[in-house]
Structure formats: structure tokens, C-alpha cells
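Presented below is the structure to which this report refers.
What follows is calculated from the coordinates using simple rules that are stated; it is not laboratory data. As the structure is a computational prediction, the values presented were derived from the model and not from experiment. Cβ coordinates were reconstructed from backbone atoms using ideal geometry, including for glycine residues, and neighbour counts include every protein chain displayed.
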Amino acid sequence: MKFKYFDIILGLFVAVLLISNVASTKIVQFGPFTFDGGTILFPLVYIFGDILTEVYGFRAARRVIWTGFFGALLMSVVFIVVGKLPAAADWNNQDAYNAILGLTPRIVVASLIAYFAGEFSNSVTLAKMKIATKGKWLWSRTIGSTLIGQVVDTGLFILVAFWGVLPNELIWTLIVSNYLFKVGVEVVFTPATYGIVGFLKRREGVDAFDEGTKFSPFNG
């Protein structure tokens, strides 16, 4: 079955993922919160993930998650390779490039592990909750799945990326601040999520229930 809007959501999902990964190179202060810059945009990845699973089902969401994973991997490899290539003699911005885009293997690994585990945790939780609630109370699924997915994603990324590099106090501050901010964004965007989900279900003529689905990241 061909859908009108699936490819658009897939493109937006991957774009937001890649942009937020680059923005994550800066640690920012926003009121009482301390977080990486990607946190401003990254919660939208989970909102798109919720919409995909809710409307199109786990199998479709799985394809998008894998697309984002390989997109992020390709971006990271290109940044690292370009950073290692000799700079032109009259180009004096190597230090600036290294500071922003000179990703270390540890950051790349942390980002990919956290994304993979967090996104699939989010999608599986939402799909199973939809079956359990018989499709009622969408808000409980979007928020509940985010509570699970974001604690996995945020905790894994910061611990893998920064344990032993940043002071322990700052690490836990980053985890808590990132988690609360991301969940807060999900809650604030709940009315918009309702509107988008309702629109897509009407226009696409689909409302997937994952009964009998094998919730594996790889097949099923």
C-alpha cells in the first residue's frame, strides 16, 4: 500500500536526527537546565517515532529507525575522514573543524548505541501500549513510551560518551536535565501530536495495531 505522507515523515525524521547530532557538540545553559545543543531539536525525533508507530505500525517505524541509524553512521564517518584528510595550505580552519565536527569514535559509538536502543524501546513500548489500551488514550502511549525511550537514550549516550571525561556531578546533571527537558517537550507537543496523528489516519486510511508482531529490531 502506497502512502502519501510516509516518505515526508521519514525525511523529516532523518533530517532532525542529523541536525541534532551536529548541534550536540555545544553544551548550553537554558534557565536551570544544562544540556547539549541537540536536545533543543532531538525530542522531535521521538515525536516522529511516536507518530510513525501509532499510524503505520512497528514494522514501518523499524525501517525509518534503521534509515536514521545508517544516515547518522554515514555522517559520522564522513566527518571523521574529512577531518583526517590534509587541509589545503591556505585553509586555516582545521582547529575550528576539529572542535565542531571532529567527532571522536567514542562519541560516534555512544550516539549510535543510544539512538538504536532508545528509539526501539520507544517504538516497542508505544506499540504494546496501543494493544493494551485498545487504541484509547493516545497521550498515555506517547508520554509513556517517551519516559522509557528517553531514559534509555539519554542515560546510555551521556554515560558512554562522557564517563571518565567529565566530572561525575556534571554527568548526572546532564542526564537529569536532558531527560526532564526531552520529556517536557513531549508533553508540550501532545496536542500537536494528536492533530498530526488524526490527520494522517484520516488521509492515509490506516491505523496500525501490532497484534502478532515480533518486536525485533532486525526482522519479523
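Here are some notes:
- Leu18 versus Trp139: modelled label distance in nm, points set 7 Å from Cα along the beta carbon direction: 3.6 nm
- Most mobile of Val187, Val77, Val165 in a GNM of the chain (Cα contacts under 10 Å): Val165
- Estimated 222 nm signal from helices in the chain, with DSSP H stretches of n ≥ 4 weighted -39500 (n - 2.57), rounded to 500: -24500 deg cm²/dmol
- Here the 3J(HN,Hα) profile of the range 96-105, calculated from phi with Karplus coefficients 6.51, -1.76 and 1.60 at θ = phi - 60°, is 5, 4, 4, 5, 9, 10, x, 5, 7, x Hz, Gly and Pro shown as x.
- Compared with the dominant Cα axis of the chain, that is its longest principal axis, helix 58-84 is turned about 10°.
- Selected from Leu112, Phe199, Val188, residue furthest toward positive end of dipole (the chain; charges at beta carbon): Phe199
- Those trypsin sites (Lys or Arg not before Pro) in the range 1-104 that DSSP places in a loop and that have at most 15 other beta carbons within 10 Å: Lys2, Lys4, Lys26
- Around Thr213: net Lys/Arg minus Asp/Glu count, Cβ-Cβ under 12 Å: +3
- Cα gyration tensor, the range 166-214 - rounded (a/c under 1.5), prolate or oblate: oblate
- Taking a straight Cα-Cα cut-off under 19 Å and skipping sequence neighbours fewer than 8 places away in the same chain, the lysines within cross-link reach of Lys128 are Lys136, Lys201, Lys214.
- In this structure the amide hydrogen of Val28, modeled in the peptide plane, comes within under 5 Å of the amide hydrogens of Phe35, Asp36, Gly37, none closer than 5 places in sequence on its chain.
- In percent, rounded to a whole number, the relative contact order of the chain is 27, using alpha-carbon pairs under 8 Å and six or more apart.
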